[in-house]
Amino acid sequence: MLELYYLTAHELHDLLVKKEISAEEICRAVFDRIDAVEDKIKAYVTLTRDKAFARAREIDRKIAAGEEVPPLAGIPVAIKDNMCTCGVRTTCSSKILYNFVPPYNATVVEKLEAAGTVMMGKTNMDEFAMGSSTENSGFFVTANPWDPDRVPGGSSGGSAAAVAAGEAITALGSDTGGSIRQPAAFCGVVGLKPTYGAVSRYGLVAFASSLDQIGPFTRDVTDCALMLNAICGHDPLDSTSAPRDIPDFTSYLRNDVKGLKIGVPREYMGEGIDPAVKEIIGQAIKLLASLGAEIDETTLPHSRYALPTYYLIAPAEASSNLARYDGVRYGYRAEDARDVVDMFMKTRSQGFGPEVKRRIMLGTYALSAGYYDAYYLKALKVRTLIKQDFDRAFEKFDVLLAPTAPSPAFKRGEKTGDPLQMYMSDICTLAVNLAGIPGISIPAGFVDGLPVGMQLIGKPFGEGTLLRVAYTFEQHTDYHRRRPSL
Amino acid sequence: MTEYETIIGLEVHVELKTKSKIFCPSTTEFGGDPNTHVCPVCLGLPGVLPVLNKKVLEYAIRAALALNCEIAEYSKFDRKNYYYPDLPKNYQISQYDLPLARNGFLNIEVNGQTKRIGITRIHMEEDAGKLIHQGTIATSPYSLVDYNRTGVPLIEIVSEPDMRSPEEARAYLEKLKAIIQYTGVSDCKMEEGSLRCDANVSVRPRGSREFGTKTEIKNMNSFKALQRALAYEVERQIAVLQEGGRIVQETRTWDENKGVTLPMRSKEEAHDYRYFPEPDLVPLVIDRRWVEEIRATLPELPDERRNRYIKRYDLPAYDATVLTATKEMADYFEECVALYPNAKAVSNWMMGDLSRLLNAHNMDITQCKVSPRQLTDMLKLMDKGTISGKIAKTVFEEMFATGKDPEQIVQEKGLVQITDEGAIAAVVEEVLAGNAKVVEDYLKGKDRAFGFLVGQVMKATRGKANPELVNRLLKEKLHSS
Ligand SMILES: [Zn+2]
């Protein structure tokens with residue numbers, strides 16, 4: 001049997017309810033693992049050891065008292081450090097929030113608490129979720145557990161690496177342009193970005209409000225369904241959260257894709273995609289076809305505008321969302337300011353890293369008088385066209401299939417000198433955020449010992465169908481069972 | 001010399017008196033220790049989200065309907081971006097290109113004529129906080145911030161440039177205040193900042209069709225200040241043009257002490273607010289049935305009430321306009337006439353002594369100690385002849401100062417009118433005897449002498465003698481002698 005820290009949540013749950021292990025033992029196993037590998041991985045910004053053990057013991061008391069505990073009770077989770085945790089520092093991996101302790105929980109944190117999970121700590125990320133490698137963290141770089149010289153992806157690299165390295169069983173990330181799916185692919189785990197509005201954003205420190213969405217990292221599709229059950233649902237504190245009933249996502253875990261229509265957008269299999277990745281996706285297509293799925297090529301004609309559209313809308317929203325970090329009320333404040341304007345400028349100059357500044361400038365420019373129509377407004381129109389591409393594709397297909405990222409994890413420092421190269425690593429994922437639809441990345445193979453992810457894209461609120469296809473694929477492959485040797 | 005025409009448009013901010021703020025549950029109560037009426041949402045802490053208070057929308061629609069606006073079927077919120085320490089997010093949630101309401105109007109009276117002033121638009125937004133300084137902002141070594149007002153709901157009401165004089169602007173603002181107060185959605189207190197007004201002013205040669213360059217005037221904190229500031233600014237602009245100069249498009253601030261407007265920032269320094277749709281709020285699709293439900297609950301508004309007063313109580317138009325200028329005044333009037341049918345007498349007292357005393361003490365009618373019942377009891381005492389009109393003035397002043405019933409004051413001060421014919425006759429005899437010269441003058445035909453004698457009798461009775469009796473008795477005695 002695998003070590004406890006490498007099991008899935010549902011496996012651990014079975015052991016817990018059979019009383020073969022306790023939540024405290026699970027917690028200890030994971031913290032021991034953290035102590036053993038964290039120096040190498042650096043997944044966490046903050047660890048919440050004492051709280052975690054107290055919580056694990058509480059779960060154990062419930063089990064001992066004969067209470068029926070929910071499926072995620074006692075399961076160690078890692079939370080990306082852009083979700084507010086009451087009384088626990090929440091930094092967004094930025095110097096400007098290095099000392100910010102929220103007096104409130106994000107709704108997802110409340111929901112996970114209600115589900116009985118045990119929070120291990122807060123994970124590293126690209127500063128304010130801006131990046132694709134976690135190299136933009138204001139604190140330190142996180143390593144890919146499969147090859148510490150490589151990046152874990154980003155921006156939720158800490159959460160993905162923690163799950164891959166056995167430093168957490170599941171984790172939460174946020175995905176604005178691929179920030180869950182791409183690191184999931186790079187780290188060989190399952191990562192799902194839900195439909196916009198499926199999960200409350202209350203307490204998620206905003207990067208781009210119309211694109212941000214919280215979602216889970218897990219070791220398999222079953223755990224993914226369990227996490228979705230825990231975090232989805234309408235929240236009166238988030239006006240953009242959808243007022244609709246949520247299904248039991250585990251009901252979609254069926255080993256059956258017969259008759260399902262799967263489209264493969266040719267734009268995601270063309271130029272810029274590593275041939276080895278194409279090869280793996282091709283094999284996955286063959287496997288699904290052999291299981292009875294009807295697979296055909298399709299087209300998303302406006303795909304090539306997704307990147308420029310994204311890099312107008314997301315920075316525009318970010319330039320406004322990040323305006324509040326001015327040193328007046330909380331977080332970092334520069335010393336020796338002459339007056340309030342000087343304080344604003346020094347605080348922001350010293351507090352933000354280069355990528356955040358670049359995007360604030362880009363966004364400010366795009367919204368400026370005289371440029372708004374040409375940039376921001378135009379981008380909104382193209383966004384509608386991109387969404388219509390998907391609508392049209394979904395008239396014919398139940399699910400779309402594509403690589404998650406154009407290549408496996410790249411080397412540390414390989415793309416930091418060229419922002420455009422870095423942006424390109426999200427070309428397969430950006431459009432999904434612009435369209436507000438769900439996407440999942442699951443382990444689909446390996447190239448030179450590095451995991452490769454397959455992305456499945458669904459209709460709005462079509463997470464269930466994504467889980468069904470992913471689960472079926474998982475039942476016929478073993479990529480999700482592989483663990484890095486550290 | 002060229003004659004100039006004045007063009008004025010007003011932008012008015014009105015605070016809505018909902019219990020909680022526009023996007024969070026914090027209280028809107030005025031006052032409170034600094035930063036106690038706040039929560040993570042109105043403090044703009046990382047990760048929080050706004051949720052629209054439905055009551056704010058209802059109140060805004062109510063005000064817009066009272067101002068004859070069309071309510072949009074589809075409206076949205078936008079972010080207005082600018083950096084200022086009293087603005088926790090460094091953007092204000094406001095409405096830009098799709099405001100809640102458009103195309104309204106209200107009527108003002110100009111030289112006895114009704115003039116319609118157009119209302120371009122009404123939108124909702126959140127208020128900012130307040131900076132507190134030691135001394136002035138220029139000399140204080142630090143700024144303190146109080147976020148209690150942050151997120152208090154506001155509506156901004158933008159007029160058409162339809163006003164042609166500072167007096168019209170004032171009449172517009174007064175009417176606007178009355179209408180909003182009638183709807184019950186705001187107190188509209190300029191002193192407390194729940195009604196604020198900026199003005200756009202320009203002048204042009206009379207007959208010209210094009211607008212002149214305008215300036216925006218800020219910091220006018222009373223109706224009087226508005227009128228003074230506009231009068232000053234109009235004169236200033238005309239003077240500049242007459243000297244061959246050009247008006248600079250700029251924002252100017254009214255200096256109440258110096259009585260002048262001063263440049264604040266030029267057009268070049270104007271903010272680029274970088275408006276864009278607020279992604280944290282969903283667009284508003286406003287149900288027509290709900291709008292009609294709100295319309296059905298609108299109270300009688302000042303114009304309707306005024307017309308009713310003219311018809312029902314037979315009041316002069318001037319009286320009806322003054323009495324209905326505030327809802328409180330009109331409510332007071334109606335309570336009075338329910339107890340006492342002589343509407344004109346009530347009106348005279350309200351517009352006369354009552355208003356004079358309120359103004360002198362800088363009070364409004366809600367702070368008045370004299371209840372409608374007490375005022376009408378006093379009028380009844382006059383009708384019964386217990387007190388004369390002259391004594392009533394004394395009694396009323398005492399009522400105003402103490403809140404006592406008129407009967408009690410009359411008793412305590414011995415102000416009951418003397419109606420005993422014998423007692424007055426005796427005084428008349430005395431006066432005639434002591435003023436032989438005057439009596440002689442009267443008998444020679446000097447009418448004025450009669451008035452003097454009446455005065456002497458009143459003086460001797462300390463004003464309490466029934467004036468009609470004094471007149472009759474004096475005449476009788478004089479003609480019989
Ligand atoms: Zn609040």
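Structural remarks
- Within region B:30-51, considering residues that are surrounded by fewer than 21 Cβ atoms within 10 Å (Cβ to Cβ) and more than 13 Å from the ligand (Cβ to nearest atom), the one nearest to the other protein chains (Cβ to nearest Cβ): B:PRO34
- Yes/no for A:GLY157 being of a type in the set (Gly, Ala, Ser) and either more than 15 Å from the chain's Cα centre (by Cα) or within 14 Å of another protein chain (Cβ to nearest Cβ) (or both): no
- Among (1) away from the ligand (no atom under 16 Å from the Cβ); (2) in contact (Cβ under 8 Å) with a residue 60 or more places away in the chain; (3) surrounded by fewer than 21 Cβ atoms within 10 Å (Cβ to Cβ); (4) within 28 Å of the chain's Cα centre (by Cα), the one test that B:ALA66 misses: (3)
- Filter result for B:GLU304 (in the same structural domain as B:LYS55 (by TED's automatic domain parsing) and surrounded by fewer than 20 Cβ atoms within 10 Å (Cβ to Cβ)): no
- Test: B:GLU235 is part of a helix (DSSP H, G or I) and over 15 Å from B:TYR4 (Cβ atoms): no
- When residues in region A:342-371 are screened for being among the aliphatic types (A, V, I, L, M) and at the interface with chain B (Cβ under 8 Å from one of its Cβ atoms), 2 of them pass.
- Considering B:PRO99, B:PRO85, the condition of being at pLDDT below 95, over 24 Å from the mean Cα position of the chain (by Cα) and away from the ligand (no atom under 16 Å from the Cβ) is satisfied by B:PRO85 alone.
- Taking region B:1-29 as the range and being within 15 Å of the ligand (Cβ to nearest atom) and either more than 10 Å from every other protein chain (Cβ to nearest Cβ) or basic (Lys, Arg) (or both) as the test, the residues that pass are B:THR18, B:LYS19, B:SER20, B:LYS21, B:ILE22, B:PRO25, B:SER26, B:THR27, B:THR28, B:GLU29.
- Contacts under 7 angstrom Cβ, first residue in region A:309-333 being within 11 Å of another protein chain (Cβ to nearest Cβ), partner part of a helix (DSSP H, G or I) and polar (S, T, N, Q), 6 or more apart: A:SER319/A:THR364; A:ASP326/A:THR347; A:GLY327/A:THR347
- The criterion of being within 16 Å of the ligand (Cβ to nearest atom), closer than 25 Å to A:TYR325 by Cα and either hydroxyl-bearing (Ser, Thr, Tyr) or in contact with a helix residue (DSSP H, G or I) (Cβ under 9 Å, 6 or more places away or on another chain) (or both) holds for B:TYR147.
- Restricting region B:52-63 to residues that are in contact (Cβ under 8 Å) with a residue 12 or more places away in the chain and within 14 Å of chain A (Cβ to nearest Cβ) leaves a set whose member that is farthest from the ligand (Cβ to nearest atom) is B:LEU57.
- Condition check for A:GLY259: away from chain B (no Cβ under 14 Å) and touching a residue at least 40 places away in the same chain (Cβ under 8 Å): no
- Enumerated strands (runs of 3 or more DSSP E) restricted to region B:121-183, each holding at least 2 residues that are in the same structural domain as B:ALA72 (by TED's automatic domain parsing), over 22 Å from B:THR326 (Cα atoms) and of a type in the set (A, V, I, L, M): B:130-133, B:143-146
- Here the helices (runs of 4 or more DSSP H) wholly within region A:144-236 that include at least 2 residues being more than 19 Å from A:MET424 (Cα to Cα) are A:157-165, A:221-231.
- Top-ranked residue in region A:372-382 [being modelled with pLDDT of 95 or more and more than 12 Å from chain B (Cβ to nearest Cβ); ranked as farthest from A:LEU434 (Cα to Cα)]: A:LYS378
- With respect to being in a helix (DSSP H, G or I) and small (Gly, Ala, Ser), A:ALA402 falls outside the description.
- Scope region A:79-102; condition touching a residue at least 60 places away in the same chain (Cβ under 8 Å), assigned to a loop (DSSP other than H, G, I, E, B) and within 12 Å of chain B (Cβ to nearest Cβ); matching residues: A:ASP81, A:ASN82, A:CYS84, A:THR90, A:CYS92, A:SER94, A:PHE100, A:PRO102
The values are calculated or read from the model by the stated rules, or taken from the named source; none is laboratory data. The shown structure was predicted, so the numbers you read here are calculated from the model rather than taken from an experiment. Neighbour counts run over all protein chains shown; Cβ positions are idealised from the backbone, glycine included.
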